[in-house]
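Have a look at the structure below, then the notes.
The values are calculated or read from the model by the stated rules, or taken from the named source; none is laboratory data. It should be emphasised that the depicted structure is a prediction, and the values quoted were computed from it without experimental measurement. We place every Cβ from the backbone using ideal geometry, glycine too, and count neighbours over all the protein chains shown. Side chains included, ligands, DNA and RNA excluded: accessible areas come from the protein's heavy atoms. Shrake-Rupley method; radii C 1.70, N 1.55, O 1.52, S 1.80 Å.
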Amino acid sequence: MPASAALTAAPGTPATGAAAAPPTGPAAKQPPAADRVYGHVKQAVLDRRYEGGTLLTEGELAEAVGVSRTPVREALLRLEVEGLIKLYPKKGALVLPVSAQEIADVVETRLLVEEHAIRKAVPAPPRLIARLAELLTEQKAHAAAGRFTEAAVTDRCFHVEIVRSGGNEILSRLYEQLRDRQLRMGVAVMHSHPDRIAKTLHEHEEILDALRAGDTDRAVDVVHRHIGWFSGLARGDVR
């Protein structure tokens, strides 16, 4: 089992929306300790600071976040339920790598949802076109600056807007459940296949152009090609 990686402290931030305390009064309350550990570990896993195969220990995490071990255990149990880590009693928590089966499952679900959503998106309202153009501009800026995590987040937002535009709340909630897996896969792909970034941006351009033109068949074709690429990755066809 791999040795544990060095951990960087990431103290929690004050709760948003709290009123500013007077200079002599108590500081704004932090989120509960378990929530702080949960957020710290989850974000580090998603943006690959804790890569698959990394062994995390309760003591190291407690020191990194500045809490006792009890909330660390609670946070790790939550993360295990979400499929991001595997707990090993008296040893620690192993960050699970993205598996080929997980990629295949996500791709299959995305194709079902997004091909349906893109059909419903035509004819696309001006608001959707404007929002997709804005997100594409943001994604290009992140990619050019090498900000892979931000680029992956913007990539996902691009697709979320299309799914939400259909107005089906059940499908939108189903798609939302893929969020963490999509982000983690997206960041991993950008690091391991940097040439894919330009291709992704080009395909987003194609999707946007097809929506502008009201061309349903072309839009569906591009979405299928865009998402289907990951199927080759899961099979090992992509190097």
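Can you compute the equivalent ellipsoid semi-axes for the stretch 52-111, i.e. the square root of 5 times each eigenvalue of the Cα gyration tensor, sorted largest first and rounded to whole Å?
The answer is 27, 11, 9 Å, longest axis first.
Taking a ≥ b ≥ c as the square roots of the eigenvalues of the Cα gyration tensor of the stretch 83-152, is the shape rounded (a/c under 1.5), prolate (a/b larger than b/c) or oblate?
Because a/c hits 1.5 or more and a/b fails to exceed b/c, the stretch 83-152 counts as oblate.
Keeping every protein chain in place, order Ile129, Ile227 by accessible area at 1.4 Å, biggest value first, i.e. largest first.
Largest to smallest exposure gives the sequence Ile129, Ile227.
Express in nm, to one decimal, how much length is gained between Arg147 and Lys91 on full extension, taking 0.36 nm for each residue of separation and deducting their alpha carbon distance.
16.8 nm
From the C-alpha coordinates alone, can you work out the Kirkwood hydrodynamic radius of the stretch 19-132, in Å?
17.3 Å
If I take every Cα pair under 8 Å that is 6 or more residues apart in the stretch 38-121, average their sequence separation and divide by the length, what percent do I get for the relative contact order?
Over the stretch 38-121, the number comes to 30 percent.
Would you work out what percent of the accessible area of the stretch 120-239, with all protein chains in place, is carbon or sulfur (probe 1.4 Å)?
It is 53 percent, rounded to a whole number.
Between Arg173 and Asp105, what is the spin-label point distance in nm, taking each point 7 Å from the Cα along the Cα→C-beta axis?
Distance between the two pseudo-spin positions: 2.0 nm.
With every protein chain left in place and a probe of 1.4 Å, what is the accessible surface of Ile197, to the nearest 10 Å²?
About 20 Å², ignoring ligands and nucleic acids.
Using a 1.4 Å probe and counting only protein heavy atoms, arrange Asp35, Asp195 so the residue with the most accessible area comes first.
So the residues, ranked largest to smallest area, are Asp195, Asp35.
Apply the a/c threshold of 1.5 to the C-alpha gyration tensor of the stretch 138-239 and tell me whether it is rounded, prolate or oblate.
Verdict is rounded for the stretch 138-239.
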